[in-house]
Amino acid sequence: MNFDLIIKNATLVDGRTSIDVACHKGLIVAIDRAVQGEAKEVIDAKGQLLSPPFIDPHFHLDATLSLGTPRMNISGTLLEGIALWGELKPVQTIDDIIERALRYCDLAVSMGIGAIRSHVDICGAELKGVEALLEVRKQVSHYIDLQLVAFPQDGAFRDPTAKKNLIKALDMGVDVIGGIPHFESTMQQGTDSIKFLCEIAAERGLMVDMHCDESDDPLSRHVETLAYETRRLGLEGKVTGSHLTSMHSMDNYYVSKLIALMAKAELHAIANPLINIMLQGRHDTYPKRRGQTRVPELKAAGIVVGFGSDCMMDPWYSLGKADMLDVAHMGLHVGQLSSRTDMAWCFDAVTKNSAKIMGLEGYGIEQGCKANMVLLQATDSIEAIRLRATRLAVIRDGKVIARSQPNKSELFLKGRPKHIDPATYAPIASST
């Protein structure tokens, strides 16, 4: 048989080795130890790791790459970031947002990201962000699956434009309903906003992804209401709580009840390790709270947990390089996920778990799946995180759309090896 692409001698994330993957007409059509046939292009993976693409389930494309406009976030806090975003919105144009978002998407795909869920602010007199990102979604559709969340940054009830703009944004084609209950004027308004937003989602058959309890306040418990409304409205498996940082500060007894409620509601959870560790605990002296939600406990309860990158060079975060392995690396450290099983799970948090949260179809490296993959300079998923592995090839619809040279250094020391490849310094892994 003739194929468009064959990747030979690959190692897969599940541990299978010496695997050939054949692609034709945008799909994986054969996967075996020795696929027979000709192809327009053949890649010898040389035992390196072939993974499905990275997935970023939580990002803000309308703000990305705006660092310094109109000023810097001096305190580094979440609240100053929100205030600064309020200053940026009136001065940026639709073209500004499109240009920055497209630049980010180009970087993201070069780093092996195949899908992004981006929240887009719907508060204010204009829906510039919505107009811009709908255009971006159209332009990047051949290389990134872009999901948009209608996000009332200033509160669905607190902002007078939010309710009307939410409906307008959904009618324009935004995919998911967002919210920010902890930023409403009162606890009761936060509760009411969840009920209002989830009811719209149920009416329209849409998914929900709320910024929920992004706070150090242990009494910020809106995720409990989110779990309740999810079950009341039959939205199980379609609702996500993002951030959930207040859980880090909650009483252990209450959390034991809360996580059980979340699991019954089939609620998904997204932590954003880079941003959570940067923004939370700002009012603490010492000891300082880490801020990241209780990832090990959520994971143990069977809740699908993904890791998002959230921000890059914007009012909230001045760093970042669209690297989901950086995100996994930080999540691993902050969550003390140090067993071999847990470290491998952190790779899942930026791949298959986040794909499930986004409801992506045809994701994975199996026959019949979409031929979307990334070849990494590593031999397993733990090594990929340790090394923040080079993306040797990014494949979309069975075609290579990005390449990078292997990471290798030359030494000029007498009597020493001339070439240093970080991957060769890995010890033999134990089975535990």
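A single entry from Thr64, Thr93, Thr69 fulfils the requirement of being under 23 Å from Ala271 (Cβ atoms) and either touching a Gly at 6+ places or on another chain (Cβ under 9 Å) or among the polar types (S, T, N, Q) (or both): Thr64. Close Cβ contacts (under 6 Å, 6 or more residues apart or on different chains) running from residues in the stretch 131-146 that are within 22 Å of Met373 (Cβ to Cβ) to residues that are among the small types (Gly, Ala, Ser) comprise Asp145/Ala115. One residue stands out in the stretch 104-127 among those that are free of Cβ contacts under 8 Å to residues at least 40 places away in the same chain and either among the small types (Gly, Ala, Ser) or more than 23 Å from Ser354 (Cα to Cα) (or both): the one that is surrounded by the most Cβ atoms within 10 Å (Cβ to Cβ), namely Glu126. With respect to being buried (at least 24 other Cβ atoms within 10 Å of the Cβ), more than 15 Å from the chain's Cα centre (by Cα) and not charged (D, E, K, R), Val350 falls outside the description. State which residue is nearest to the chain's Cα centre (by Cα) when the search covers only the stretch 228-268 and only residues that are of a type in the set (Phe, Trp, Tyr) and under 25 Å from Gln280 (Cα atoms). The qualifying residue nearest to the chain's Cα centre (by Cα) is Tyr254. Residues in the stretch 359-374: is at least one farther than 20 Å from Gly47 by Cβ, under 18 Å from the mean Cα position of the chain (by Cα), of a type in the set (A, V, I, L, M) and at pLDDT 95 or above? The answer is yes; a qualifying residue exists. Being within 24 Å of Tyr317 (Cα to Cα), among the small types (Gly, Ala, Ser) and buried (at least 20 other Cβ atoms within 10 Å of the Cβ) is true of Gly178.
Strands (runs of 3 or more DSSP E) fully within the stretch 1-114 that include at least 1 residues being at positive phi: 2-12. Taking the criterion of being hydroxyl-bearing (Ser, Thr, Tyr) and in contact with a Gly (Cβ under 7 Å, 6 or more places away or on another chain), the only residue of the stretch 110-163 that qualifies is Thr161.
When Glu131 is tested against (1) in a helix (DSSP H, G or I); (2) on the phi > 0 side of the Ramachandran plot, exactly one condition is not met: (2). Among the residues of the stretch 228-276, how many are closer than 17 Å to Ile180 by Cβ and either loosely packed, with under 15 Cβ neighbours inside 10 Å or among the aliphatic types (A, V, I, L, M) (or both)? Count: 8. Any residue at all in the stretch 191-205 that is touching a residue at least 12 places away in the same chain (Cβ under 8 Å), of a type in the set (Ser, Thr, Tyr), buried (at least 16 other Cβ atoms within 10 Å of the Cβ) and under 27 Å from Tyr254 (Cβ atoms)? Yes, the stretch 191-205 contains a residue that is touching a residue at least 12 places away in the same chain (Cβ under 8 Å), of a type in the set (Ser, Thr, Tyr), buried (at least 16 other Cβ atoms within 10 Å of the Cβ) and under 27 Å from Tyr254 (Cβ atoms).
When residues in the stretch 44-96 are screened for being among the aliphatic types (A, V, I, L, M) and touching a His at 6+ places or on another chain (Cβ under 8 Å), 0 of them pass. In the stretch 277-309, of all residues being assigned to a helix (DSSP H, G or I) and without any contact (Cβ under 8 Å) to a residue 60 or more places away in the chain, the one that is surrounded by the fewest Cβ atoms within 10 Å (Cβ to Cβ) corresponds to Ala300. Residues in the stretch 87-103 that are touching a residue at least 40 places away in the same chain (Cβ under 8 Å) and surrounded by 21 or more Cβ atoms within 10 Å (Cβ to Cβ): Ala101 alone. Annotation note: of Ser256, Ser246, the sole residue that is in contact (Cβ under 8 Å) with a residue 60 or more places away in the chain, in a helix (DSSP H, G or I) and either farther than 19 Å from Val327 by Cβ or basic (Lys, Arg) (or both) is Ser246. Of all residues in the stretch 383-411, exactly one satisfies the criterion of being among the hydrophobic types (A, V, I, L, M, F, W, C), more than 15 Å from Phe54 (Cβ to Cβ) and in a loop (DSSP other than H, G, I, E, B), namely Leu411.
The values are calculated or read from the model by the stated rules, or taken from the named source; none is laboratory data. Everything numeric in this text was worked out from a predicted model, so none of it was measured. Neighbour counts run over all protein chains shown; Cβ positions are idealised from the backbone, glycine included.
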